[in-house]
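> Here you go, one structure.
The values are calculated or read from the model by the stated rules, or taken from the named source; none is laboratory data. The structure presented is a predicted model; accordingly, all values stated were derived computationally and were not measured. Cβ placement follows ideal geometry from the backbone for every residue including glycine, while neighbour counts extend to all protein chains displayed.
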Amino acid sequence: MRLKAVKRAAPTAREAVGMAVILLAAAAVPLLTTNTYYVRLATLVAIASVLASSLNLIYGYAGQISIGHVGFYAVGAYTTAVLMTRYDLGFWVPWLTAILLTTILGWVVGKPVLRLRHFYLAVATLGFGVVVYVVINRWNDVTGGPIGVLGIGRPSIFGTELVDSRAYYVFVVVVALMCLFVIHLLVTSSFGRTLRAIREGEVPVASLGIDPARQKLLAFTISAGFAGLAGGLFASLDRYIGPGSFHVEHSILLLAVLVVGGLGREMGAVAAALLLVLLPELVRAAGENQHLLYAIALLGATLFLPEGIVGFIARLARRVTGSPDRPLLAAAAAQHAERPSPMVSSAQRQGIDSELLSVSDLSVGFGAFLAIDDFDLLVHPGELVGLIGANGAGKSTFINAVTGLVPVRRGQIRFDGRSISGAPMHRIAAAGLIRTFQTTRLFSELTVEENLLVAAARHGTESEVSRLLRLVDLEDDASLAASSLPFGRRRLLELARALAAQPRLLLLDEPAAGLNEAETAKLGDVLLRLCDTGLSIVLVEHDLGLVLGVSDRVVAMGFGQKLAEGTPTEVVNSPAVIEAYLGTKRSAAERGSSDPPHNPNKKSTEQETQWPSSRATSAPPRETSSIASPKRS
Amino acid sequence: MNDLLQILIAGLTVGSVYALIALAFTLIYSATGVLNFAQGELAMLGAMLGVTILGDLSWAYVPGLIAVVVIAALIGAAYAEVVIKPLRRRRARLDIIIVATIAVSLLFRYGAERIWGTGEFAVPAPIKGSAVTFLGARINPQSFLVIGVTAVALAAVWIFLQRSTTGRTFRATAYNEQAATLLGISPARVVTLVLMLSAALSALGGLLFTPISFASAYIGLALGFSGIVAAIVGGLGNPAGAVVAGFGVGVIEAFAAYHVTGWQGAVVFGVLLIVLFARPSGIMPGRLALREG
């Protein structure tokens, strides 16, 4: 623990150094120069830092591209300017109105636009930027059209207007630092972690009971508000604004410098602001070639600095100090680590005889193909149901349908007495139905610990995370990036993440695929312990040794239908299952054999002795699962 | 009615240019997964090369057009070698690649500004004479040339993609790059060829555009916007969708310019946003592209 505390200090110290450098640089400007031109540039850098940070929040952290962000900046600037010049309201009321208006506008625009993905989102936000630009350019009566708005005042503090450029500079820097601090708090909070998870995939986020659409919209709304705030500061800077400052091209440039500065890094936004404002000044010396030089600098940065400038500096710093650049276990986790806690409350365990999940007449199809055809399944509290079947039998589709990932064509799915068919994925998950994926869908750029924290944050159970990590033997890897784990351990991490989401029913899609024998045995052990706490599990797995060893009840599927159901022994001896797995019956029947269908043939009797015995009939899974699983397909 | 036809043909004329640029954009995306934001600047280069070759050097139209297209293809090859391939080799993130193409677009624009200056130029019109009357509407004769050449170019690209071996390797790569590689197709070669074809198509669009409108170093931005928007709304990765949406954008823009002059940019995007909300994957969701993006 002490070691961890020491390691934790390193990134904080570096952040502090970065912050101190910015503060010193910011403070030095008015002391070093009285030249209004330089002071204006420094003010612009501060404004651009807020604007770039606002874009960083939605694009860098949440991964939602916005190529129209200057549109919000423009609305903020024009609202402030128009209210200030038309009505004698001073600066503060128009400015706060502008912030409020852009925040609301962010919600109004974000609500429909964020349904779109990738390039479609890019075009929609670009469209917003274009519409704003056209409106400020053409709505002459209000915006002054191409002429713009003249005679904008400056804010007054204690009755004194900040006419002096250095006074206004100080004001802007103070506001900008406050904004950066608020954004810092946001991105380092559980909200920021959820945004970074969304950046990597919305389906796994929804599978943990979090509504990605809501989180994205919240980020977009906040981001728009900050952009509007920056716009208001800009309006007062030159006392004049015109459409030229808000062309869509500026949005694209903003995006470009953010990527070059370091996307998804707080200092990246500051670097972007410096680039945006100062690089044109630096290349100005090149005279007519300045734009060309700017383009070459930008291209060079993308070709040679893949992690952006701040990422590059961070890597250099890592090489020098040798310290890791990772957040570490929260102190709270260490304190509460030893507290044992049942997965399911005793209140939930009382209805042990009732059905937790009841699926009836379920059909799921893709086009003309029926992947699941009239399938029924009941799961009781605390029960572990194994679901077996050949590839294509419909097992994964069953999980996808129950959790709302694929639409149901027909049938009823009830969870805890309430119908959940047709409900959105995150709501089903929030009800306590948590799944894992056949191909793991971890948040690979987040650390092992953060993967769990994303899931736990919804319940405020961050303190349980270290216990769950220990459950799957991952506590030593807590601060590693999830992508650096070997395959088998990723599966275990996904299991732990699902548990952190406080499931009442866990749907596991081939959790043992890629695990070695020892890991599989350990997994079986963990599953049994989980069931003892009252958790219900549906286990889809090809490793029959594992399934038969731990399941209370086994259901065999074939071609979307139920082939057999019962205790593990009953199911493996069922003629339908033997036929599906070994194919003997059908070929016998096709040959016109006289074998009666209910009489297991010799082969199946042999098999019976080989199947590992079920949990009900003794034998711990650690031993049984070491028996080679027959017919692993 | 006559007005209607007149606006429609004007829209289809500009739409031809957008269709070519959109097709070029979607082809690059299909085969490489790259969103080339420099697409409009390649069209601008076509127009400015036309200014030099057809104007200053007074070449005849057909050899001049061929020369412009060939030079553009070479620029496309250089673009592939210097920028796209190194980034792909490094497996750069998509946003880095996008920014690189934005940087290239600035490079083209300001490079053109240094070569040709900031002025506006007129490329000599290949068809002399004033507007002709067609079904009662007064039509700029260049319109027939633009629409005609575009139709030929689109047909040629379609036949190339469907029938030629090289075209098939494009489609195979777009469908599944790994599988295509296993079949002995070199993705590197496909990248170069696609960028050459795409640059040639864009330059052709820019060249055709100029007798209708002035050429300058700054026309690439607007042309690129319209073309890229058409490619995405058409269903990114779907060549037919790109072409249809390209013409659509041209026609909407022409009607908007007639009825609400000055607001056409907002109208075009307004319509496109509605289309996107109704069909979040574009008009014709990309069959060519199964990329996750």
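> Scan the stretch A:284-305 for residues that are facing chain B (nearest Cβ under 8 Å) and charged (D, E, K, R) and report the count.
Qualifying residue count, the stretch A:284-305: 1.
> Which of the residues belonging to the stretch B:238-250 are buried (at least 21 other Cβ atoms within 10 Å of the Cβ) and aliphatic (A, V, I, L, M)?
B:ALA242, B:VAL243, B:ALA245, B:VAL249
> Of (1) within 13 Å of chain B (Cβ to nearest Cβ); (2) farther than 30 Å from A:LEU446 by Cα, A:LEU55 satisfies all except one. Which?
(2)
> Please pick out the residue among A:ILE136, A:ILE104, A:ILE152 that is outside any loop (DSSP other than H, G, I, E, B) and away from every other protein chain (no Cβ under 14 Å).
From the options A:ILE136, A:ILE104, A:ILE152, the qualifying one is A:ILE104.
> If you don't mind, another one. Would you check which residues across the stretch A:544-571 are out of contact with any Pro (no Cβ under 9 Å at 6 or more places or on another chain) and over 18 Å from A:LEU378 (Cα atoms) and list them?
A:PHE559, A:THR569
> Identify the residue in the stretch A:260-283 that is of a type in the set (A, V, I, L, M, F, W, C) and free of Cβ contacts under 8 Å to residues at least 60 places away in the same chain and, among all such residues, is nearest to the other protein chains (Cβ to nearest Cβ).
Checking each candidate, the answer is A:VAL260.
> Going residue by residue through the stretch A:233-248, is there one that turns out to be out of contact with any strand residue (DSSP E or B) (no Cβ under 9 Å at 6 or more places or on another chain) and under 25 Å from A:VAL187 (Cβ atoms)?
Looking for residues that are out of contact with any strand residue (DSSP E or B) (no Cβ under 9 Å at 6 or more places or on another chain) and under 25 Å from A:VAL187 (Cβ atoms), one finds at least one in the stretch A:233-248, hence yes.
> Kindly indicate the residue of the stretch B:88-115 that is in contact with a Pro (Cβ under 9 Å, 6 or more places away or on another chain) and either among the hydrophobic types (A, V, I, L, M, F, W, C) or within 7 Å of chain A (Cβ to nearest Cβ) (or both) and also farthest from A:LEU298 (Cα to Cα) among those meeting that condition.
Within the stretch B:88-115, the match that is farthest from A:LEU298 (Cα to Cα) is B:ARG90.
> In addition: Is there a residue in the stretch A:496-514 that is part of a strand (DSSP E or B) and over 25 Å from the mean Cα position of the chain (by Cα)?
For the stretch A:496-514, residues part of a strand (DSSP E or B) and over 25 Å from the mean Cα position of the chain (by Cα): absent.
> Sticking with this one: Criterion first (free of Cβ contacts under 8 Å to residues at least 60 places away in the same chain and either surrounded by fewer than 20 Cβ atoms within 10 Å (Cβ to Cβ) or closer than 22 Å to B:ALA47 by Cβ (or both)) does B:ARG168 satisfy it?
Answer is yes for this residue.
> Cβ-Cβ distance below 8 Å, separation of 6 or more or different chains: which pairs start in the stretch A:516-545 with a residue that is closer than 19 Å to A:ARG489 by Cα and end on one that is among the aromatic types (Phe, Trp, Tyr)?
From the stretch A:516-545, the pairs are A:VAL540/A:PHE398.
> Only one of (1) in contact with a helix residue (DSSP H, G or I) (Cβ under 8 Å, 6 or more places away or on another chain); (2) more than 8 Å from every other protein chain (Cβ to nearest Cβ) fails for A:ARG86. Which number is that?
Going through (1) in contact with a helix residue (DSSP H, G or I) (Cβ under 8 Å, 6 or more places away or on another chain); (2) more than 8 Å from every other protein chain (Cβ to nearest Cβ) one by one, A:ARG86 breaks only (1).
> If you scan the stretch B:134-151, which residues turn out to be hydrophobic (A, V, I, L, M, F, W, C) and either modelled with pLDDT under 90 or surrounded by 15 or more Cβ atoms within 10 Å (Cβ to Cβ) (or both)?
Passing the criteria: B:PHE134, B:LEU135, B:ALA137, B:ILE139, B:PHE144, B:LEU145, B:VAL146, B:ILE147, B:VAL149.
> Also: I'd like to check something: does the stretch B:78-94 contain any residue that is in contact with a Gly (Cβ under 6 Å, 6 or more places away or on another chain) and either without any contact (Cβ under 8 Å) to a residue 60 or more places away in the chain or crowded, with 24+ Cβ neighbours inside 10 Å (or both)?
Looking through the stretch B:78-94, none of the residues is in contact with a Gly (Cβ under 6 Å, 6 or more places away or on another chain) and either without any contact (Cβ under 8 Å) to a residue 60 or more places away in the chain or crowded, with 24+ Cβ neighbours inside 10 Å (or both).
> Continuing with this model, one more query. Looking only at the stretch A:65-83, filter to residues that are at pLDDT below 90 and under 17 Å from A:LEU217 (Cβ atoms); which one of those is farthest from the chain's Cα centre (by Cα)?
That would be A:GLY68.
> Something else now. Condition check: assigned to a helix (DSSP H, G or I) and away from every other protein chain (no Cβ under 11 Å). Does A:VAL310 satisfy that?
It is true that A:VAL310 is assigned to a helix (DSSP H, G or I) and away from every other protein chain (no Cβ under 11 Å).
> Please go through the stretch A:107-133 and give me each residue that is at the interface with chain B (Cβ under 7 Å from one of its Cβ atoms) and closer than 20 Å to A:GLY225 by Cβ, ordered by number.
Answer for the stretch A:107-133, where residues must be at the interface with chain B (Cβ under 7 Å from one of its Cβ atoms) and closer than 20 Å to A:GLY225 by Cβ: A:PRO112, A:ALA124, A:VAL131.
> When residues of the stretch B:116-133 are filtered for being surrounded by 13 or more Cβ atoms within 10 Å (Cβ to Cβ) and among the β-branched types (Val, Ile, Thr), how many remain?
3
> Filter the stretch A:136-161 down to the residues that are over 13 Å from A:VAL82 (Cα atoms) and free of Cβ contacts under 8 Å to residues at least 24 places away in the same chain, then identify the one that is surrounded by the most Cβ atoms within 10 Å (Cβ to Cβ).
Among residues in the stretch A:136-161 that are over 13 Å from A:VAL82 (Cα atoms) and free of Cβ contacts under 8 Å to residues at least 24 places away in the same chain, the one surrounded by the most Cβ atoms within 10 Å (Cβ to Cβ) is A:ARG138.
> I would also like to ask the following. Pick from A:ALA455, A:ALA429, A:ALA482: which is surrounded by 23 or more Cβ atoms within 10 Å (Cβ to Cβ) and more than 19 Å from A:LEU535 (Cβ to Cβ)?
On inspection, the qualifying residue turns out to be A:ALA482.
> Among the helices (runs of 4 or more DSSP H) confined wholly to the stretch B:184-293, which include 2 or more residues that are within 14 Å of chain A (Cβ to nearest Cβ)?
Per the criteria, B:220-233, B:239-259, B:264-278.
> Now, a different point. Being in contact with a helix residue (DSSP H, G or I) (Cβ under 8 Å, 6 or more places away or on another chain), closer than 27 Å to A:GLU383 by Cβ and outside the structural domain of A:SER396 (by TED's automatic domain parsing) is the requirement here; does A:LEU471 meet it?
yes
> Now, a different point. Restricting to the stretch A:201-259, give me the number of residues that are within 20 Å of the chain's Cα centre (by Cα), within 14 Å of another protein chain (Cβ to nearest Cβ) and assigned to a helix (DSSP H, G or I).
The qualifying residues number 4.
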